[in-house]
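Chemist: Quick one: the structure is below, and I'll ask about it shortly.
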Amino acid sequence: MPPADDRPETAARVAASQVADVAGYLAAHRDRVLAELLDLLRIPSVSTDPAHAGDVARAADFVADALRRAGLEAEVHPTAGHPVVTAASREIPGAPTVLIYGHYDVQPAEPLEAWTTPPFDATIRDGRILARGASDDKGQFFAHVKAVEALQALDGGLPLNVRFVVEGEEEIGSPHLTPFLLQHRGALEADVALVSDGAMVAPETPTITYGLRGLTYVTVRVRTAGRDLHSGAYGGGVANPLNALAAMIATLKDADGRIAVAGFYDDVVEVDEAERARLAAVPFDRDAFMADASIAVTPGEAGYGLLERLWARPTLDVHGLGGGFVGRGSKTVIPAEGIAKLSCRLVANQDPQRVFRLLDEHLRRVAPEGVDVDVSLEGAGEPALTPLEHPAVAATAAALEAVWGRPVVYARTGGSIPVVVELQRVLGAVPVLLDMGLEDDRLHAPNEKFEVRHYLQGILASAVALRTLAAALGAR
Ligand SMILES: [Zn+2]
């Protein structure tokens, strides 16, 4: 974490009373705020399964009603897919605006026999809320709904403007979200986007995630002849696409693990000393990481620590190689064609389209004579990096520290959350990722859970953060 004296005045301390009244409200309403989440979890809003379309719609209505009960103006918007629920608080002219994003759809629960309790009959056992969607993401976004409700009850209003966008298609890639955001940009523009759809780096360790990697995914096809050829009759006189592909791929990285594509690192935001110190403070268990993957070594780019390579550096990995003969026995063929799938995880400020062009140029340049190369783009996603010097980060961190009584850890993640990039790009909001779950919440897997304590602490943290954000952003 950054040194305390780097942080704005507002973040230096949060009055105990700002936490205590919300905690008191939660203690008085604990059973009800839990019961309401369980009701939402009992709706099987599986977005990928057309048989559940009615349940998805029912969940959208449930969310809108909950937002209305929290004192907001809520609306269910149909899309070409599943509905988007939006809500807005009573407008305070000149006050900053916080947009809270979540998703009410869930992954399928199969295999059902692996669950110890029915996935859509939410229950609480040993301090854990057990249900599909408990942590991803119903429990996490609903904590924000309950936080707004608490502030309305305690203060008779909110200290800033709050908007909600809760979608029903996150688990199927949010196909209709960007057009929706563009269409409703005027109503949804915000200073800050609060997103809770992730995990704290360790139990009892309040976490703000500030970096997400992007992606460029390509298919490489090489062709050398009009048909497969006999290696006895043609071997020695023709190019072999698989040999060529292997040689081409071997040029993509140097002996130090650096990606050897010209211009690849041009736009990369380097890991500086402050960031190196921040990442060193993350309680990352290298042995557990290695045991989990059953690996004995962690090779990678020279000059960077493991966590830096996993979170803050770009990568290049081959996902598949195909062509020729891989069946039983032998076949002396020189295949006409070979194929490879590969991708780069990207970091700020790399442009996935530019990386695609660089890869395309590189692979054509290094292709041996007589080898036709075709590189096609399969997928592209931009990286995201929250500017840590933005006052919203310190304000959110102050709230988390007041609630947990522990310093915040600033983490990045090696994966991608395209929605976060869109909130930043389309709405101009600075994304702040306030993670409430835990790594072992078993997202997308049987026996998903969300700790009761994390739900309640999440509500508390959200309510206090809305107060500290109002103070930090309103004073600007
Ligand atoms: Zn999620």
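Chemist: Counting each pair of different Cα atoms once, what's the Kirkwood radius of the chain in Å, rounded to one decimal?
Modeler: 24.3
Chemist: Relative contact order (percent) for the chain, with alpha-carbon contacts under 8 angstrom and 6 or more residues of separation?
Modeler: Across the chain, relative contact order equals 27 percent.
Chemist: To the nearest 10 degrees, how steeply does helix 452-474 sit against the main Cα axis of the chain, on a 0 to 90 scale?
Modeler: Approximately 80 degrees, to the nearest ten.
Chemist: Related question: What is the dipole size for the range 1-151, taken about its Cα centre, with +1 at each Lys and Arg Cβ and -1 at each Asp and Glu Cβ, in debye to the nearest 20?
Modeler: 340
Chemist: Suppose only helical runs count, i.e. DSSP H with n ≥ 4. What mean residue ellipticity at 222 nm does that imply for the chain under -39500 (n - 2.57) per run, divided by all residues and rounded to the nearest 500 deg cm²/dmol?
Modeler: After summing the helix terms and dividing by the residues of the chain, the value is -11000 deg cm²/dmol.
Chemist: Separate question: What net charge is computed for the residues neighbouring Ala59, neighbours being all others with C-beta under 9 Å from the C-beta of Ala59, Lys and Arg scored +1, Asp and Glu -1?
Modeler: Counting the neighbours of Ala59, the net charge comes to -1.
Chemist: Let me ask something else. Highest first, please rank the peptides 362-368, 315-321, 378-384 by the mean number of other Cβ atoms sitting within 10 Å of their residues. List each step's numbers first, then the result.
Modeler: Values: 362-368: 17.7, 315-321: 14.0, 378-384: 19.3.
By packing density, highest mean first, the sequence is 378-384, 362-368, 315-321.
Chemist: How much net charge surrounds Ala70 when only the other residues with a Cβ under 9 Å from the Cβ of Ala70 are counted, with Lys and Arg +1 and Asp and Glu -1?
Modeler: Working: positive: Arg68, Arg69, Lys146; negative: Glu149.
Net of charged neighbours comes to +2.
Chemist: When we measure straight from the Cα of Lys341, which aspartates and glutamates land under 15 angstrom away, once same-chain ones fewer than 8 places off are left out?
Modeler: Once the sequence-local aspartates and glutamates are set aside, what remains near Lys341 is Asp317, Asp360, Asp374, Glu378.
Chemist: I need the phi-derived Karplus couplings for the range 403-412: 6.51 cos²θ - 1.76 cosθ + 1.60, θ = phi - 60°, integer Hz, Gly and Pro marked x.
Modeler: 7, 8, x, 9, x, 6, 9, 9, 10, 10
Chemist: Next question. Once both axes come from the Cα atoms, what is the angle between helix 53-69 and the longest principal axis of the chain, in degrees from 0 to 90, rounded to 10?
Modeler: 40
Chemist: Using Cα-Cα distances under 8 Å and only pairs 6 or more residues apart, what relative contact order does the range 183-288 have, in percent? Don't skip to the end; give the middle numbers.
Modeler: Details: 24 pairs, mean separation 22.7, N = 106.
It comes to 21 percent, rounded to a whole number.
Chemist: Here's another thing I want to ask about it. With θ set to phi - 60°, apply the Karplus curve 6.51 cos²θ - 1.76 cosθ + 1.60 along the range 357-374 and write out the HN-Hα couplings as whole Hz, x wherever there is a Gly or Pro.
Modeler: Taking θ as phi minus 60°, the curve returns 5, 5, 5, 4, 4, 4, 5, 5, 5, 8, 5, x, 4, x, 10, 7, 10, 10 Hz for the range 357-374.
Chemist: Once you charge only the Cβ atoms, +1 for Lys and Arg and -1 for Asp and Glu, what is the size of the charge dipole of the range 429-473 about its Cα centre, to the nearest 20 debye?
Modeler: On the way: 4 positive and 6 negative charges, 48 e Å.
Around 240 debye, computed over the range 429-473.
Chemist: So what's the angle, to the nearest 10 degrees on a 0 to 90 scale, between helix 418-427 and the longest Cα principal axis of the chain?
Modeler: Tilt relative to the chain: about 60 degrees.
Chemist: Taking H as built 1.01 Å from N, whose amide H comes closer than 5 Å to the amide H of Leu215, not counting residues under 5 places away?
Modeler: Under 5 Å from the amide H of Leu215 lie the amide H atoms of Leu346, Gly381, Glu382, each far enough along the sequence or on another chain.
The numbers here are math on the coordinates, done by the rules we state, and not lab data. All values derive from a computational prediction rather than experimental measurement. Every residue, glycine as well, gets a Cβ built from its backbone with ideal geometry; the counts of neighbours run over all protein chains shown.
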